[in-house]
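Peer 1: Structure incoming, see below.
FYI, it's all coordinate maths here, none of it is from the lab. None of the values given here were measured: they were computed from a predicted structure. Cβ atoms come from the backbone with ideal geometry, glycine included; neighbour counts cover every protein chain shown.
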Amino acid sequence: MTLREEYRYWSLISIIALAIAGVFALLLVFSRTPYVQDILPWPWKSFFHKGLVTHVIFSFVVWFLATMGAFWAYSLAQQQGDDAHSKIGGFALLLAVAGCLGLILPALLDLGEAELNNYVPVMTHWLYYLGLILLAAGLLICAVRQMIMRSGFNGQKATAILYIIALICFTLAYSYLPDGLSSPTYNERLFWGGGHVLQFVNTALLFLAWQFVARDPILSPPYVVLTFGILVVFVLPTPITYLIFDVLGQVHRDFYTDLLRYGLLLPSLIFSLGLIRFLVSEKRRQLDRLTQQVFWLSLITYNLGGLYGLLLDGTDTRVPAHYHAVIGGINLSFMIFYHRVLLPAIEVPVREGRLFTAQYWLYGLGQIMHASGMFLAGSMGVPRKTSGDAQALDSLEKVLSMGLMGIGGIIAVLGGVLFVIMTLKWMMSARRVG
Amino acid sequence: MKRSDYIFLPLICAIALFLGWKLFAATEKDLSGVIIQPIDDIGAFIAAAEQIQPKEGEVYLLAQQWKWSSEITLQAGRDYILHLATADIQHGFHLPREAMGQSVDILLQPNKKYQVNLRNLKPGVYPIGCTEYCGIEHNKMRTKLIVLE
């Protein structure tokens, strides 16, 4: 398999992952709709949570990890040429596809029980865990290949190191967790440390996306090395925490919360300032207007999420406000990376027009409204993940904030759906022509 | 390298070192004011949590999937001792910082009881949530601390 084919397939997996997440979101709605739920061929009561797990795993974990696979294959192709062959690349893709099947089937076949634990929600069935292992292994192969490449320390290598450390954390958690734990505690602790480290991977991917799309360096080489270096240095000691702290204890739990707070702040600040400097300099003129606008949207959404993260406390809606904005900023960078870098590289024509521009504005502004509404509501004490009376919307301010959240969410979903439909359609039709 | 880089690069390194030290120092932070003891008889704790008129100045709160034993109503300006425990699996007790000037977050482990001093309570209604994922209905695990004038 050539490297160009490899990054084309990783791109396809990541966009299809979003499409699958979208289909499951629809099935979730159907499974709660009277009469319609009776037509569904599986038990709708147990499907709701399983469908939710599948929706989250594809829209968050698979989408991010497959995009990482596309980044690595693309950057390898930049060095070795698009037509260079890689045998293990095809095998890695095969593992990832098999892994995705393992992640879908338990929801459709009503296998195991759903656990909505943080970062990597699960279905407690061997097929689902096997799916996770295969997906992780596919990307591990690519990470190792990235590590042994003859090049200096760069963003791609840093991402590979971070990813490998995340897998080490998962493995150590698995080996240190005692037998006989309840399923929620087991899964929460299993994915806690590694899940936090994966957020460093996602941050590194954001910086890489900005770099690739900007073409001209956003930061000079010493700053790039230092920024990615800080990400790696903060994460390097994490496996040791499994040796010195009780994996079930509070110190271990709080360490990872603090790790995000202290470890991501400085790199995010440096890269964001670099991007702002780039966007106000003459260098920006080599980018089209829309790309510049998307950069601003991504920058604002991501940093708004970071700011919300510094101000959150407890279990109100400020917590989802923080991560929705951060993920929104990263997603915007991935969307423009696909349209401006990867799709042209695999000779998929990108048809621009009103809808094309609209997807970015809808998604970006929608996410900002959605997250800001949640943040305002959370500041007034509205609890997260509740509905109806449990939200205690007893003031006009709370109702307006949650209204902003709801309207923003719908607008963002419209932008996301446009992205998936348009991108997938172009990729599939280009494939047929090819 | 530009001349300004000789200022900015060491400055970034110094800030990174400072943040790294803060992270390391955070692992040393003790749960100040929290006394943790093994629990011999969870039945006795449950009975104390169910008492309508508990001992003066002592409050009991029991966590279990997926509820807290009760709401808590206290008087502002008085000191209390809050006793916490879990009847089943791990839960997280969280009181927002508005209640006492600093937030309280305690991971409740099975077979242990926790004792926290509640001082300088400000009048208001404060949500108490579970900050540790404890199962599919985890989000429903909510109660309130009501502090009266």
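Peer 1: Tell me which residues come under 5 Å, amide H to amide H, from B:Arg142 once H is placed; ignore anything under 5 positions away on its chain.
Peer 2: Here B:Trp68 satisfy the definition.
Peer 1: While we're looking at this one, here's another question. Which of the lysines could a cross-linker span from B:Lys2 if the Cα-Cα distance has to be under 20 Å and same-chain partners fewer than 8 positions apart are dropped?
Peer 2: A:Lys283
Peer 1: Moving to a separate point now. What is the antiparallel percent of DSSP beta bridges lying wholly in the range B:34-148, to the nearest 5?
Peer 2: In the range B:34-148, DSSP labels about 70 percent of beta bridges as antiparallel.
Peer 1: Quick one: if you stick a label point 7 Å off each Cα along the C-beta vector at A:Leu414 and A:Asn118, how many nm between them?
Peer 2: Simple spin-label model gives 3.4 nm for this pair.
Peer 1: Looking at chain A, which longest stretch skips every one of the GluC sites (Glu not before Pro) that is in a DSSP loop with at most 15 other Cβ atoms within 10 Å, leaving the sites themselves out?
Peer 2: Within chain A, the longest run free of exposed GluC sites (Glu not before Pro) spans A:1-346.
Peer 1: Where a Cα-Cα gap under 17 Å defines reach, which aspartates and glutamates qualify for A:Lys398, not counting those fewer than 8 residues away within the same chain?
Peer 2: The qualifying aspartates and glutamates are A:Asp316, A:Asp389.
Peer 1: Inside 10 Å of the C-beta atoms of B:135-148, what's the mean count of C-beta atoms belonging to other chains?
Peer 2: Mean partner-chain Cβ count within 10 Å for B:135-148: 3.
Peer 1: Quick one: which of B:Lys67/B:Lys112; B:Lys22/B:Lys140; B:Lys112/B:Lys140; B:Lys29/B:Lys113; B:Lys113/B:Lys144; B:Lys29/B:Lys55 span more than 26 angstrom between C-alpha atoms?
Peer 2: In this structure, B:Lys22/B:Lys140; B:Lys29/B:Lys55 lie more than 26 Å apart at Cα.
Peer 1: Rounded to the nearest 5, what % of DSSP beta bridges with both residues in the protein assembly as shown are antiparallel?
Peer 2: 75 percent
Peer 1: Please report the relative contact order for chain B, taking Cα pairs under 8 Å with a sequence separation of at least 6, and give it as a percent rounded to a whole number.
Peer 2: Averaging sequence separation for qualifying contacts and normalising by length gives 24 percent for chain B.
Peer 1: Calculate the mean, over all residues of peptide A:25-33, of how many other protein chain Cβ atoms lie within 10 angstrom of the residue's Cβ.
Peer 2: Average per residue, whole number: 0.
Peer 1: Once you keep just the Cα pairs under 8 angstrom separated by 6 or more residues, what percentage relative contact order results for chain A?
Peer 2: Normalised by residue count, the contact order of chain A is 13 percent.
Peer 1: Please report the relative contact order for the range A:1-151, taking Cα pairs under 8 Å with a sequence separation of at least 6, and give it as a percent rounded to a whole number.
Peer 2: Relative contact order of the range A:1-151: 30 percent.
Peer 1: When you look at the Cβ of every residue in A:307-319, what mean number of other chain Cβ atoms sits within 10 Å?
Peer 2: That works out to 3 on average.
Peer 1: A further question on this structure: How much length, in nm to one decimal, is gained on full extension between B:Thr27 and B:Lys140, taken as 0.36 nm per residue of separation minus their Cα-Cα distance?
Peer 2: Taking 0.36 nm per residue and subtracting the Cα distance, the gain is 37.7 nm.
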